[in-house]
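The values are calculated or read from the model by the stated rules, or taken from the named source; none is laboratory data. Since this is a predicted model, take the numbers as computed values, not measurements. FYI the Cβ positions are ideal-geometry reconstructions off the backbone, even for glycines, and counts take in every protein chain you see. Each accessible area value is taken on the protein alone, full model and side chains, heavy atoms only, with ligands, DNA and RNA left out. Shrake-Rupley method; radii C 1.70, N 1.55, O 1.52, S 1.80 Å.
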Amino acid sequence: MKTAAALRSGSATDTGLQRAANEDRIWTDDAKGIYLVVDGLGGHAAGEVAAQTAVEVIVRELEALETAAAESAVRNAITIANNEIYRHAQQDSSSAGMACVLTLAVVREDVVTVGHVGDSRLYLMWNSTLRKLTPDHSPVGEQEDQGELTEAEAMEHPRRNEVFRDVGSRERAANDDEFIEVRSIPFQPAAALLLCSDGLSDSLTSAEIRAVIETYNGDPGAVAASLVEAANQHGGNDNVSVVFVPGPEFIGVHSAAMSDARTRHAITRMRRGRARWKRRLGRVLWLVVGIVLGMAMLALFERMWAPGGFLR
């Protein structure tokens, strides 16, 4: 799968401050436009193995399906990964019950195709608005998506980490209902994508995430690192992983570059304003001169033709 022009992404992953191991896995391939965040389910056996298997299988399958339609390729790759994780768990008792959740984005030219299972997330940033594109396949996430819980209430809910969809706990077919959510949406050059595990979305509000993205100044890795750091500053209760994919024309409104642009724009507007006033003043002066000259000429003609004037 190839994009029209390679994007430049940034990524970061961290164990956090409370966990002994990092069960998250990420993958980025700017040349092929493949971006993936996988979260091994906490509290289950071999979550790290499940997450790593998902990455390896999905990347392998997508690279082998160069000509396939994006939605079909995404659905098939996730399904094959699911079944491989399940078979591995069946054959190894130490891995029994292992599974993961994931969000996959494949960018082709101006379209992003999303494959999603669980409570990891994909956000779209455009026109200074951060929009969540993936539903949370969890009881609490579903209530939040339906407006039954506020974002703050959902983030503090004791059942926040429960999910009702996963990759690997049982065998699946690609067309199974209630398994993979797949959709394709436009990806504007001035937009940006953010994939993350719930270690980020359970720590930072959407407003806090947006504020960090708005600082983007040409270094996507700096944004990813800042988001991970912010999650750890909020307690670091879980593994946290971030993949940030800015479009070629995206720039944060609070970045230094945007600040410079606003300053240059203000100076340009001031100069243009001064130039317009000079032109207008010049027109007014010429009008006044014309009126004065006209009045003088009229007075002169009246004297010339008046009785006793010098034209008789």
Quiz item: Averaged per residue, what accessible area in Å² does the stretch 63-169 show with a 1.4 Å probe, protein chains only?
Solution: 44 Å²
Exercise. Find out how many positive minus negative residues lie around K132, taking Lys and Arg as positive, Asp and Glu as negative, among other residues whose Cβ is under 9 Å from that of K132.
Key: 0
Quiz prompt | Where a label projected 7 Å from the Cα of A21 along Cα→Cβ would reach, residues of the stretch 85-105 with amide N under 20 Å | solution = 85-102
Quiz prompt | Cβ charges +1 (Lys, Arg) and -1 (Asp, Glu), total dipole of the stretch 80-157, debye | solution = 380 debye
Quiz item: Nearest 0.05, what FRET efficiency do S94 and W126 give at R0 = 51 Å with Cβ-Cβ as r?
Solution: 0.70
